[in-house]
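**Q** Attaching a single structure in C-alpha cells format; questions to follow.
The values are calculated or read from the model by the stated rules, or taken from the named source; none is laboratory data. None of the values given here were measured: they were computed from a predicted structure. All Cβ positions, even for glycine, are placed from backbone atoms using ideal geometry, and neighbour counts span all protein chains on display.
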Amino acid sequence: MSTLPLEAPLVNRGGRTTEAGVDVSVCIVNWNCREHLQGCLQSLREAALEVSLEVLVVDNGSTDGAAEMVADLFPEVVLIRNTENAGFSRANNQAAQRARGRYLFFLNNDTVVPPGTLRGLLEFARANPEAGIIGPRLRDEHGRLQVSCRRCPTLSALLHRITWLRWLGLFRPAYRHYRGRDALDTGAPRAAEILMGAALFVPRAVFRSCGGWDEGYTFGGEDIDLCERVGRRYRVVHHPGLEVVHFGRVSSRQHIGFAYSHTLVGVARFLRNRGCSRFGLAFYKCALTLDVPSRWLGHAARYVWRRLRNQPLRAAKSRLLLEALGHFLKHGLIALWRV
C-alpha cells in the first residue's frame, strides 16, 4: 500500500485557501467510480464557499483513471492512493487519520451534496453536542426518497429473509419491525438506531473515542457496527430536513459479486459482535448456505424465461443477481463460516 507524502491539506473558505481553521473533513472512499466521484467533488467545491472544509479521497486501487482525475481536476483534494482495494472501513480510517477538521463527514463517492446541506449539518452538530452521528435524508437522482435510517438488524429479522422461512411466515413481525419507516417523511430531526453509510457526519472526538471503523469489515455491515457502537454513548440522529443526492450503489453494482458476498459476511460478523448466541449464528449460516443455491436456480430459471420472452431489461436484472449469488457460492461461503 502506498500513499502520498503527508503534507498540510489545502482548505477552501469563502474562495480563499488557508492551512488552518478546518471545520469539516470530508472523507471519501473510491473504487472505480470516476464519473460520479467527479460530480461529488464538484458539489463539495461549491460547498467550500459556505463551510471551512478539506476533502480527502482514498482511492482503493482504481483502474479507471479516477485517481488521476482527482489529481488533475481537484488539486485542493488530499489524495491517498492505495495499490489495492483496502476495503471500505480501512480506507475510511486512513482518511480520518489524515483529517484535521473538528467534524468528519464520511461520504459515498456516488453522491452530490446540495447547497446548504453541509452548513446545516455543521450548525446542527454545534447546537447539539450530544449527537454522536448525524445522517441527512437521501434521495436518488430522480428525487425519490431512499431509506436513510433503519432499526438495528436482529437474528430474527434476518432469518425472515431466508426464502423457505419467509414462505412459512416465520419471524415476520421481527422483520416488519426492522423495516419500519415511521416518521421518515417529517422534517424534524429524530433519534435513529442505524443510519445508512452513504453520508455520516461525526464529531472527530466522538469517532476517535468510539474506536473508528472496524477494519474487520471489508464491505457491508460496517455502518451498522459504527452506529451501534456510537449509539451506546451518544445520540444517533436522522435529520430529514437536510438532504444528499445518492445515486445508489453505483460502485457496488459494478462489482456486484464482491459487494454482495462481503455484505452477507459483514452482517454475520455484526451479529456475532453484538452477542448473538453460537447456536443462533450457526443456524443462520446453515439457513443461508442452503438458501443461496436454491435462489440461484430460481433466478436462472427466470433469466432463461425472460430471455425467451424478449424482456432484456428484466433478464439483465436476473443476470446481475445470478452473478452476485454465484460469487458468494464460489468465494463467500468460506468467509461466512469463518466469522
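**Q** Which residues, taken from the range 276-291, are over 13 Å from LEU165 (Cα atoms) and touching a residue at least 12 places away in the same chain (Cβ under 8 Å)?
**A** Within the range 276-291, CYS276, GLY280, LEU281, LYS285, THR289 qualify.
**Q** Let me ask something additional. Quick one: which of PRO129, PRO153 is buried (at least 19 other Cβ atoms within 10 Å of the Cβ) and farther than 30 Å from GLU35 by Cα?
**A** PRO153
**Q** If you don't mind, there's one more thing I want to ask. Among the listed residues VAL236, VAL244, VAL230, VAL265, which satisfies the condition of being outside the structural domain of PHE124 (by TED's automatic domain parsing) and either modelled with pLDDT of 95 or more or more than 26 Å from ASP140 (Cβ to Cβ) (or both)?
**A** So the residue among VAL236, VAL244, VAL230, VAL265 that is outside the structural domain of PHE124 (by TED's automatic domain parsing) and either modelled with pLDDT of 95 or more or more than 26 Å from ASP140 (Cβ to Cβ) (or both) is VAL265.
**Q** For the range 294-327, enumerate the residues that are closer than 19 Å to TRP164 by Cα and among the aromatic types (Phe, Trp, Tyr).
**A** Selection gives TRP296 alone.
**Q** Moving on. Looking at LEU41, LEU56, LEU79 in this structure, which one is touching a residue at least 40 places away in the same chain (Cβ under 8 Å) and closer than 17 Å to ALA199 by Cα?
**A** The unique qualifying residue is LEU56.
**Q** Anything in the range 185-197 that is assigned to a loop (DSSP other than H, G, I, E, B) and surrounded by fewer than 17 Cβ atoms within 10 Å (Cβ to Cβ)? List them, or say none.
**A** ASP185, THR186, GLY187, ALA188, GLU193
**Q** Sticking with this one: Scan the range 156-174 for residues that are surrounded by 16 or more Cβ atoms within 10 Å (Cβ to Cβ), outside any loop (DSSP other than H, G, I, E, B) and more than 21 Å from the chain's Cα centre (by Cα) and jot them down.
**A** Once the filter is applied, which keeps residues that are surrounded by 16 or more Cβ atoms within 10 Å (Cβ to Cβ), outside any loop (DSSP other than H, G, I, E, B) and more than 21 Å from the chain's Cα centre (by Cα), the range 156-174 yields SER156, LEU159, LEU165, ALA174.
**Q** Taking only the range 264-281 into account, find how many residues are more than 23 Å from the chain's Cα centre (by Cα), within 27 Å of MET196 (Cα to Cα) and part of a helix (DSSP H, G or I).
**A** 2
**Q** Restricting to the range 155-172, count the residues that are free of Cβ contacts under 8 Å to residues at least 60 places away in the same chain and closer than 20 Å to SER277 by Cα.
**A** Within the range 155-172, residues that are free of Cβ contacts under 8 Å to residues at least 60 places away in the same chain and closer than 20 Å to SER277 by Cα number 6.
**Q** Those residues that are buried (at least 21 other Cβ atoms within 10 Å of the Cβ), assigned to a loop (DSSP other than H, G, I, E, B) and in contact with a helix residue (DSSP H, G or I) (Cβ under 8 Å, 6 or more places away or on another chain), I need them from the range 198-242; list them, please.
**A** TRP213, TYR217, THR218, PHE219, GLY220, GLY221
**Q** Can I ask one more? Take the conditions of a type outside the set (Ser, Thr, Tyr), on the phi > 0 side of the Ramachandran plot and modelled with pLDDT of 95 or more and apply them to GLY212. Does it pass?
**A** In short, yes.
One line per residue, one yes/no per condition, for (1) touching an Asp or Glu at 6+ places or on another chain (Cβ under 7 Å); (2) under 19 Å from LEU118 (Cβ atoms); (3) in contact (Cβ under 8 Å) with a residue 40 or more places away in the chain:
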site: ALA174; (1), (2), (3): no, no, no
site: GLY180; (1), (2), (3): no, no, no
site: PRO189; (1), (2), (3): no, yes, yes
site: ALA192; (1), (2), (3): no, no, yes
site: CYS210; (1), (2), (3): no, no, yes
site: GLU215; (1), (2), (3): no, no, yes
site: ILE224; (1), (2), (3): no, no, yes
site: ARG229; (1), (2), (3): no, no, no
site: HIS239; (1), (2), (3): no, yes, yes
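**Q** Testing VAL304 on (1) within 20 Å of the chain's Cα centre (by Cα); (2) more than 25 Å from ARG150 (Cα to Cα); (3) modelled with pLDDT of 95 or more, one condition comes back false. Which one is that?
**A** (1)
**Q** Enumerate the helices (runs of 4 or more DSSP H) found wholly within the range 34-150, keeping only those where 1 or more residues are within 15 Å of the chain's Cα centre (by Cα) and modelled with pLDDT of 95 or more.
**A** Because the criterion is at least 1 residues that are within 15 Å of the chain's Cα centre (by Cα) and modelled with pLDDT of 95 or more, the helices (runs of 4 or more DSSP H) in the range 34-150 that meet it are 34-47, 88-98.
**Q** Being of a type outside the set (Phe, Trp, Tyr), assigned to a helix (DSSP H, G or I) and surrounded by fewer than 17 Cβ atoms within 10 Å (Cβ to Cβ) is the filter here; which residues of the range 296-318 pass it?
**A** Residues satisfying the conditions are LEU297, GLY298, ALA300, ALA301, VAL304, ARG307, LEU308, PRO312, LEU313, ARG314, ALA316, LYS317.
**Q** Oh, and also: From LEU44, LEU53, LEU79, LEU73, which residue is surrounded by fewer than 16 Cβ atoms within 10 Å (Cβ to Cβ), in the same structural domain as ASN108 (by TED's automatic domain parsing) and farther than 25 Å from HIS262 by Cα?
**A** LEU73
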